[in-house]
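Here is the structure we will look at, set down as structure tokens.
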Amino acid sequence: MHAILKWAPRLVVAFVAALALFGWINREEIARLHAVNTLFAPDKIVANFSGMNRAFLSRPVPRGDGPVWPLRQGDPLPMPIAATDWQQNRAVTSLLVLHDGAIRYESYLLGTTPDDLRISWSIAKSFLSALLGVLIEEGAIASMDVPVTRYAPELSGSAYDGASLLNVMQMASGVAFDEDYKDYHSDINRMGRVLALGGSMDAFAASLQETAGPPGELWRYVSIDTHVIGMVIRGATGRDIPELLSEKIISPLGLEAEPYLLTDGEATAFVLGGLNLTSRDYARFGVMIEQNGRLDYRQIVPSDWIMESTRATSPTAPGETGYGYQWWVPEDARPGEFLARGVYGQYLYIDQARDIVIVVTAADLQFNAPGQHQGNLAMLRRLSEAASE
């Protein structure tokens with residue numbers, strides 16, 4: 001006992017040193033895990049959404065060396081009191097309203113600036129949809145009917161075995177996936193920890209085994225479906241997403257700032273929600289989509305693809321919001337009305353009949369409260385109507 005007591009201080013020192021060494025070696029992983037666990041903390045969420053590359057691995061998406069595509073300034077749009085209150089209540093960080101390609105209203109709130117590269121979350125899905133439309137037209141991918149395992153054989157034997165590219169595009173893969181952001185143990189949060197700790201998103205997708213129904217029969221919003229689209233694209237082309245997205249979509253847009261994508265530990269892009277752009281650059285993408293894939297005299301995305309991908313073709317249940325190829329379509333949508341939507345209040349709203357594009361970035365902790373999306377959509381429609389009068 002005396003010998004143990006004699007050596008105890010040294011043992012404690014050695015144990016503390018070992019812990020310190022472990023922490024030093026794994027400091028990046030620990031920092032990323034802390035980041036994902038505090039990402040939505042009320043006192044950090046706004047700053048976090050403007051600096052995701054400070055906490056997560058990332059890769060640039062080169063903007064190309066072309067000139068910046070100018071966004072014209074239109075007549076100022078008077079903002080009604082209800083819209084001002086809405087911005088405050090919904091923790092809006094930026095709002096752009098464009099009519100006929102010209103900015104009618106632009107604001108930056110809660111300390112954000114026009115130069116911030118803001119996380120888009122699931123708006124990124126619609127960028128990937130545009131890229132897929134280009135690749136299908138070019139013949140890099142045979143058709144929407146091919147099984148995903150044709151180009152991503154590592155999914156053989158997983159819950160995705162038997163699903164087609166069309167199924168995952170329409171969020172009808174049949175894969176069981178819990179998308180509850182408030183449940184620490186949900187699939188979406190387990191996926192977030194894989195990303196934060198530098199794991200493999202491909203391996204995570206291939207590990208899923210449970211299904212909720214046959215492919216193509218049941219619509220369920222499953223974010224990992226979009227990662228599978230990315231796997232298909234990479235397998236079919238032998239190229240990675242940042243490179244392809246830069247060449248086919250980003251470079252032709254004439255963006256102001258170089259975007260970036262979050263990645264996993266294998267430098268694979270987090271395509272389902274990791275794209276970061278300035279608000280004005282989201283607007284440039286929106287204008288191109290609103291003009292059926294065309295910007296000035298250049299057809300960037302096939303017009304047929306824009307029309308097909310933004311129709312409500314998914315097998316949603318009666319009364320549910322419609323869904324196309326990674327685009328949302330309101331249940332009572334007018335022709336040419338659709339939107340991209342991300343958690344915590346991100347929106348890219350398009351009303352082709354009125355020639356309107358609206359960009360919203362936000363840090364709304366109540367984004368999934370009952371009726372919240374319907375209220376947001378009502379405000380977007382009100383702004384669209386006011387800007388087109």
Exercise. If you scan region 160-199, which residues turn out to be at pLDDT 90 or above, small (G, A, S) and open to solvent by 10 Å² or more (accessible area, probe 1.4 Å)?
Worked result: G162, S164, A176, G199
Seminar exercise, completed: Over region 26-47, the set of residues open to solvent by less than 40 Å² (accessible area, probe 1.4 Å) and at pLDDT 95 or above is I45, V46
For this session: Among the residues of region 116-136, write down those that are more than 13 Å from L339 (Cα to Cα), in contact with a helix residue (DSSP H, G or I) (Cβ under 7 Å, 6 or more places away or on another chain) and of a type in the set (D, E, K, R).
Result: R118
Exercise. How many residues does region 338-387 contain that are small (G, A, S) and open to solvent by 20 Å² or more (accessible area, probe 1.4 Å)?
Worked result: 6
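Do we find a residue being free of Cβ contacts under 8 Å to residues at least 24 places away in the same chain, out of contact with any Leu (no Cβ under 7 Å at 6 or more places or on another chain) and open to solvent by 20 Å² or more (accessible area, probe 1.4 Å) anywhere in region 210-233? Spell out the reasoning first.
So in region 210-233, the residues free of Cβ contacts under 8 Å to residues at least 24 places away in the same chain come out as none.
Within region 210-233, not a single residue is free of Cβ contacts under 8 Å to residues at least 24 places away in the same chain, out of contact with any Leu (no Cβ under 7 Å at 6 or more places or on another chain) and open to solvent by 20 Å² or more (accessible area, probe 1.4 Å).
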Seminar exercise, completed: G238: passes all of (1) open to solvent by 50 Å² or more (accessible area, probe 1.4 Å); (2) over 17 Å from L132 (Cβ atoms) but (2)
For this session: Check whether at least one residue in region 361-379 is modelled with pLDDT of 95 or more, touching a Leu at 6+ places or on another chain (Cβ under 6 Å), within 21 Å of S129 (Cα to Cα) and in a strand (DSSP E or B), and report yes or no.
Result: no
For this session: Quick one: D180 ticks every box in (1) of a type outside the set (K, R); (2) under 17 Å from the mean Cα position of the chain (by Cα); (3) in a helix (DSSP H, G or I) except a single one, so which number is it?
Result: (3)
For this session: Kindly indicate which of A353, A333, A340, A363 is within 27 Å of E389 (Cα to Cα) and within 18 Å of the chain's Cα centre (by Cα).
Result: A340
Exercise. Could you say which residue among E258, E243 is open to solvent by 10 Å² or more (accessible area, probe 1.4 Å), more than 28 Å from V97 (Cα to Cα) and out of contact with any His (no Cβ under 8 Å at 6 or more places or on another chain)?
Worked result: E243
Exercise. Pick from region 265-286 the residues that are in a helix (DSSP H, G or I) and crowded, with 22+ Cβ neighbours inside 10 Å: which of them is nearest to the chain's Cα centre (by Cα)?
Worked result: Y282
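Would you mind finding the one in L262, L255 that is under 14 Å from the mean Cα position of the chain (by Cα), over 23 Å from I136 (Cβ atoms) and not in a helix (DSSP H, G or I)?
Values: L255 fails: under 14 Å from the mean Cα position of the chain (by Cα).
The unique qualifying residue is L262.
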Exercise. Exactly one of (1) buried (at least 21 other Cβ atoms within 10 Å of the Cβ); (2) farther than 20 Å from S50 by Cα; (3) among the aliphatic types (A, V, I, L, M) is unmet by A317. Its number?
Worked result: (1)
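The values are calculated or read from the model by the stated rules, or taken from the named source; none is laboratory data. Owing to the predicted nature of the structure, the values given are computational and were not obtained by experimental measurement. Don't worry about glycine lacking a Cβ; one is built from the backbone with ideal geometry, like all the others, and counts go over all protein chains shown. All accessible areas refer to the heavy atoms of the entire protein, side chains included, with ligands and DNA or RNA removed. Shrake-Rupley method; radii C 1.70, N 1.55, O 1.52, S 1.80 Å.
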